[in-house]
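The values are calculated or read from the model by the stated rules, or taken from the named source; none is laboratory data. What you see is a predicted model; the values in this text were computed from it and never measured. Positions of Cβ are backbone-derived with ideal geometry, glycine not excepted, and every protein chain shown enters the neighbour counts.
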Amino acid sequence: MEVAYTRLRASILSGDYQPGTPLRQQELSNELGVSLIPVREALRQLTVERLVDSVPNKGSRVAPISSADLNDVYTTRFLLEQEALRLAWPRLTSDVLAELRRINTRLIDEVNRENPEFYEIHRALHFTIYEQSQSPWLLHIIEILWSHTERYRRLAAQLKSFVDVGDDLHSKVLDAIEEGDEVGAADSLRNDLNRTVTLITNVYAEDQTPFASPLS
């Protein structure tokens, strides 16, 4: 199942499978060179992540993206990630901060090189904070939302480089942590999440309307 899941997920996130694309199990089985069972399990997992929609009597398709979904999921992300930050706060020690600074420096370097690995480094930066919350359930839910919003992050990166609008926002979160300013850290986190929403909605403004050519 892992091979089918990893390849299907990568194809959805990269835009090889556009939003709304039918995902027919036999065709996927042939394309991936696996049996139907791992394909079904992969589709089930991707449905949990809301990257795939299961339509009764019609099968599966790549989940659409829209400004309504964008705003809803990022509002939910902020509520949960702010809580993770709050719970993590007492454990954001100087050693953790030093690791965050190291990751942020690497993130900026990889974006400047246009290295696709920056998506995983970006994730590592955020989750190094959230893991200090010591709340497995909170982390699990944040991870699901993080997976769902990967397409939006990639779309935002196509519209404008993360480095143009992102590295200073991450630095502001880290600066606030260093200064012991929990409110300032939460505000900077909100601004960091809002940058994706702002970049996309400035281009695709009609609410409830699927974005045109979202991941081409």
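Residues that are surrounded by fewer than 18 Cβ atoms within 10 Å (Cβ to Cβ) and under 20 Å from the mean Cα position of the chain (by Cα): list the helices (runs of 4 or more DSSP H) wholly contained in the range 1-102 that include at least 1 such residues.
The qualifying helices (runs of 4 or more DSSP H) are 2-14, 36-48, 67-88.
Which of the residues belonging to the range 134-150 are under 14 Å from GLU120 (Cβ atoms) and over 9 Å from the mean Cα position of the chain (by Cα)?
none
Out of VAL173, VAL163, VAL111, report the one residue that is surrounded by 18 or more Cβ atoms within 10 Å (Cβ to Cβ), assigned to a helix (DSSP H, G or I), modelled with pLDDT under 95 and not assigned by TED's automatic domain parsing to the domain that holds GLN18.
On inspection, the qualifying residue turns out to be VAL111.
Yes or no: the range 141-159 includes at least one residue that is in contact (Cβ under 8 Å) with a residue 40 or more places away in the chain, over 19 Å from SER14 (Cα atoms) and assigned to a helix (DSSP H, G or I).
The answer is yes, given that some residue of the range 141-159 is in contact (Cβ under 8 Å) with a residue 40 or more places away in the chain, over 19 Å from SER14 (Cα atoms) and assigned to a helix (DSSP H, G or I).
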